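Encoded as structure tokens, the structure appears first; notes follow it.
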Amino acid sequence: MAHDTLSAFILLLLVLDPLGSLPIFVSVMAGVEPPRRRWVALRETLIAFGVLAAFMLLGDRFLHVMRLSERSLEVAGGVILLMVAIRMIFSQEGGVYGTPEGREPLIFPLAVPLLAGPSAMATVLMLASRQPQMMWHWVGALSAAMLVSGTALALADPIRKRLGDSVVTAIEKLMGLVLTAIAVEMLLAGLKHYFFDPA
């Protein structure tokens, strides 16, 4: 399954799911002073970007050391994305991550795993391993997706107030449907390469 810069940006944006992360972000940041919330959002976004960029740039070496093939990574990435998409569509009340009350989150749970989670890591590894000659395109797509996600988190309170919880939830479910189709496409491409192009 080949990608270009735009499709990689859309895929990463769907995986990062900035609108779907807003409820979790707001609950985690409840104990943080309002003036610091945007700074924390920026810091956690930069940490997540560093983690994902490292996975992207070192993806080939990681696959070589772990003796993993591109086909297995594509199938695994498709499975993880499918699980994330199903969770987005059939979301439950309350967040899946937590942090001690009154403490400012650092790395966990905002940077990792809310932004730089298993699905995002698998996606950047897949992009880097499938088309390594387009590495700088992937870095650009990741940078743009992280910029959108960081902006959404920094403006979490105004966005939720303006759109309303029902609209945010509807958009998240729509993104989940699109991500489901992408995940299935990745699975089918990985299986096709395994059965019909084993070399």
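The values are calculated or read from the model by the stated rules, or taken from the named source; none is laboratory data. Please read these numbers as outputs of a predicted model, since none were measured by experiment. Here the Cβ is made from the backbone with ideal geometry for all residues, glycine too, and neighbour counts use every protein chain on show.
Things to note:
- Only one entry in Leu46, Leu58, Leu14 is out of contact with any strand residue (DSSP E or B) (no Cβ under 7 Å at 6 or more places or on another chain), of a type outside the set (S, T, N, Q) and surrounded by 15 or more Cβ atoms within 10 Å (Cβ to Cβ), namely Leu14.
- Met135 being among the aliphatic types (A, V, I, L, M), in contact (Cβ under 8 Å) with a residue 24 or more places away in the chain and in contact with a Gly (Cβ under 6 Å, 6 or more places away or on another chain): no
- Helices (runs of 4 or more DSSP H) wholly inside the stretch 135-199 containing at least 3 residues that are modelled with pLDDT under 85: 156-163, 165-196
- Residue pairs meeting the criteria (Cβ under 6 Å; at least 6 apart or on separate chains; first without any contact (Cβ under 8 Å) to a residue 60 or more places away in the chain and at negative phi, in the stretch 158-172; second surrounded by 15 or more Cβ atoms within 10 Å (Cβ to Cβ) and of a type in the set (Asp, Glu)): none
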